[in-house]
Amino acid sequence: MANKTLTKELKEYIARPKLERSALTTSKANLEKDLEAIEKIDLGIESEAKIDVYNQRLTNVYCTLDPSFLSMKHPDVYKDTHDDARGIRAFKLSLPKFAIYSLNSPICSFKMSISYRDKKKSLEIVEFKVTSPNLPSFLEKSILKSLHLTGKDVVYEYGGNSISTTDFEFKSIFKGIIPEVIKKSIGSARRSFGKEIYVIAEADNWKSKKVPSDDPLIIGVKGKNCYLIEAFETTPMEEYVRREFSFGGLNG
């Protein structure tokens, strides 16, 4: 049974399928046949229309998900103090509440550059890039909105308009086991979404390697639309090893 805690928290971002629940089973069964027909739209000039047809079909059977929730801020704030020959720069940075992982890697990471401008006495984010996984730009932009920079700087000994830039990298590592029943749902969804299927989980801490504590979401992306495939509870490593690899002993 999937844990619904996170989906309840995000309920304002989730829209139910257009079809009534009673019609969903039949509609999902026919989805494979519909997708075969859509694949016949194969000319490059038809690519945008093809995505529209896909989305019209997918909204009938999947919940749509508004990706703006990715702009939510993590409750923990990153603090940094940098001391160089020109003075001290101290700032606080809000980080994303959610990490996004591909099915092929347990790593979500992003790099950013923060600059200090002497003349303006201001800090600003001048570059941001999600380095893993490779995300559609509209998802990356939603994550960028979660970053908020504040700082109080010691005035440097000399003025001017020089710029001091420092690069940062933040990383979250997923260590959960996805249940077999969820993997079957992912397998079925691959026909609709191809490689654009992602796991979204609340990042425990962007410095630690702790398993995400809340129920992750499996989403599929088509064009600029997001669809909720599943919400589930990860299986802790210890439980998975005990269940799959323990033989004999007192409980054997």
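May I ask you to verify whether Lys175 is surrounded by fewer than 15 Cβ atoms within 10 Å (Cβ to Cβ), under 24 Å from Pro75 (Cβ atoms) and at pLDDT below 90?
Yes: the conditions hold for Lys175.
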Inset, instruction - Of all residues in the range 34-51, count the ones that are part of a helix (DSSP H, G or I) and over 20 Å from Leu228 (Cβ atoms). - result: 10
Legend entry - Selection from the range 63-103 of residues that are modelled with pLDDT of 85 or more and of a type in the set (S, T, N, Q): Thr64, Ser68, Ser71, Ser94, Ser102
Legend entry - Pairs, first among the hydrophobic types (A, V, I, L, M, F, W, C) in the range 129-142, second not in a helix (DSSP H, G or I), C-beta under 6 Å, six or more apart: Val130/Phe110; Phe138/Lys224
Inset, instruction - Can you work out which of the residues in the range 1-23 that are assigned to a helix (DSSP H, G or I) and surrounded by 15 or more Cβ atoms within 10 Å (Cβ to Cβ) is modelled with the highest pLDDT? - result: Tyr13
Inset, instruction - Residues being surrounded by 17 or more Cβ atoms within 10 Å (Cβ to Cβ), part of a loop (DSSP other than H, G, I, E, B) and at pLDDT 70 or above: count how many of those fall in the range 197-232. - result: 6
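The values are calculated or read from the model by the stated rules, or taken from the named source; none is laboratory data. This is a predicted model, so every value here is computed, not measured. Neighbour counts are summed over all protein chains in view; Cβ atoms, including those assigned to glycine, are modelled from backbone coordinates with ideal geometry.
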